[in-house]
Amino acid sequence: MQQERLWQTVLGDIEITLSRGNYITWFKNTALLKQTDEQVIIAVPNIFIKQQLEKKYASLIAETLTKNGVTARSIIFKIQSVPQNIINERQESAGPAPAIISSTDTTATQRSSTAGISTKQHQAPRLFQQPRSNTNSLAHAYRQGINDRYTFENFIVGSGNELAYAACQAIAAHPGEKYNPLFLYGGVGIGKTHLIQAVGNAILAKKPEARVVYVTSEQFVQEFVDALRFKKNTDFADYYRSADLLIVDDIQFLAGKEKIQEEFFHTFNALHQASKQIILSSDKPPGEIPTLEERLRSRFVWGMSIDMQTPDFETRCAIVQIKAESHTVNLPNDVVDYLASNIQTNIRELEGALNQLLAFCEMRGLEPSIAVATSLLGNAQARPKHITPRQIVEHCARYYSLKLDDILGPKRDKDIVLPRQIAMYMLRNELHLSFPKIAQELGRKDHTTAMHSVEKITAELSFNQLLRSAVHDIKEQLYA
Ligand code: ADP
Ligand code: MG
């Protein structure tokens, strides 16, 4: 543990000398394994990172170690994954997890950090944990779920999102007074979460003690279930009903859950009557969410409903540029155009493609160019839009030479469990299915298994190169 503390100090020093993208790509999943006068052994997750650290960063590491009182004759990089508990602890002490450049997964890591469904929250329900520090513990509790990465400043306004942007700005300026509730709806990856989180950040910037609560509806459901189990219903109700701003993301997942809709109905009324602001998002308008209670449906349209559309080409170009700048990369215009014209509907995918390109160039020491972009992303455009859940499950089974019945059946052998978990992960990331739906596709009753599986794979992908290439290969075959 002493080594971990030392390494965290070293990482802290290194972090401020590098760009965020570089730091995350090369250093985040490293650990100090051993340290003597002779040598320092550092665990790295894969061969690329090993080579890069040896080639480019060895002297920076040596200098930073010396600065922190450690001089060794040699530094050795060893490919070995960093235990998950260490990574979790680092995240706990560092606050919200930063965005991660990942070549295979473009959504999950970011989502888990912003959507609030993180591993630690499922170890014990969030509401019932002891606050980590006594100072400002209430403010701390209410800051949960808001990621300061999402601001108005780094949101590009253009056709498709300008109305939503204007409404969110008006709300940030006068919460609870205008559009209440605000109901934003639209397709996947077009900036709903970004915008509604930006409202939270803007309000907190003006008034740090404001009780801003952000949850995804799935998290709301999970907490409600936990509250019942731990007999903390009142705490649950009090927590949500004392918010100044309540943001519930992806509300469509409340569909079909009667008890929770009832609870939410009361929360909604309490807040609305007290003129507290409510913001909701969904992938479809209130009228099209199936099995949503009529009384909720009618309330959702009391304020203002706004349809967010895919941004146009110019807006997409500007988004690519601002994201590249956040990695301190100046991208040539033709590459910006290439990305923006090839990925049209989903900004998250657009961002994923950019990250993939930047990580690739970084690893190979190349400048981003059209040639690299085409060779890397060329086949991404050929992807068909409609893949079925069953196809995903079948491909996962086939990749691991399993029978479909095995993966759908009750067996818990290790060599069946992993492919099953990967299938769940891909159902979530490729098709954005809800957890109950994922469980159902795999013949499981309990949706928490699906939740844990997705979390597990998401976490593991950040350090397990083998797993990353497996998921990559399955995807290739799926879209071939
Ligand atoms: P949704 O919630 O609609 O599925 P997100 O808000 O998660 O989408 O957006 C996906 C990604 O795209 C995020 O990283 C977000 O920052 C980015 N993004 C979407 N729209 C914009 C925009 N107009 N300007 C800057 N970034 C954007
Ligand atoms: Mg979202």
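The values are calculated or read from the model by the stated rules, or taken from the named source; none is laboratory data. Because the structure is predicted, anything quoted here is derived from the model rather than measured. For neighbour counting, all protein chains shown are included, and Cβ atoms are generated from backbone atoms with ideal geometry for every residue, glycine included. With ligands, DNA and RNA removed, areas are computed over all heavy atoms of the protein, side chains included. Shrake-Rupley method; radii C 1.70, N 1.55, O 1.52, S 1.80 Å.
Summary table below
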quantity	calculated
Whichever lysines have a C-alpha closer than 30 Å to that of residue 206, once near sequence neighbours (fewer than 8 apart) are set aside	120, 178, 192, 276, 323
Stretch in the chain that is longest and holds no GluC sites (Glu not before Pro) that DSSP places in a loop and that have at most 14 other beta carbons within 10 Å	210-480
Loop-located trypsin sites (Lys or Arg not before Pro) in segment 436-480, at most 10 other Cβ atoms within 10 Å (DSSP)	445
Radius 13 Å from Cβ of residue 340, net charge of other residues (Lys, Arg +1; Asp, Glu -1)	-4
Zero-based 10 Å bins, Cα pair distances in segment 317-413, whole percents	14, 37, 20, 20, 10, 0
Cα gyration tensor shape of segment 180-326, rounded if a/c is under 1.5, else prolate or oblate by comparing a/b with b/c	prolate
Normalised alpha carbon radius of gyration of the chain [divisor 2.2 N^0.38 Å]	1.00
For the chain, size of Cβ-based charge dipole, Lys and Arg +1, Asp and Glu -1, in debye	920 debye
Accessible area (Å², per residue) of the chain, counting only protein heavy atoms and a probe of 1.4 Å	46 Å²
Inter-probe distance in nm under a simple model that places probes 7 Å from Cα toward Cβ, at residue 163 and residue 148	3.4 nm
Prolate/oblate/rounded label for segment 198-239 (Cα gyration tensor, a/c 1.5)	oblate
Solvent-accessible area, 1.4 Å probe, carbon plus sulfur percent, for segment 3-94	50 percent
Rg(Cα) / (2.2 N^0.38 Å) computed for segment 371-480, rounded to two decimals	1.07
25 Å Cα-Cα reach of residue 67 towards lysines, excluding residues that sit fewer than 8 places from it in its own chain	28, 34, 50, 55, 56, 78
Global form of segment 1-93, assessed from the alpha-carbon gyration tensor, a/c cut-off 1.5	rounded
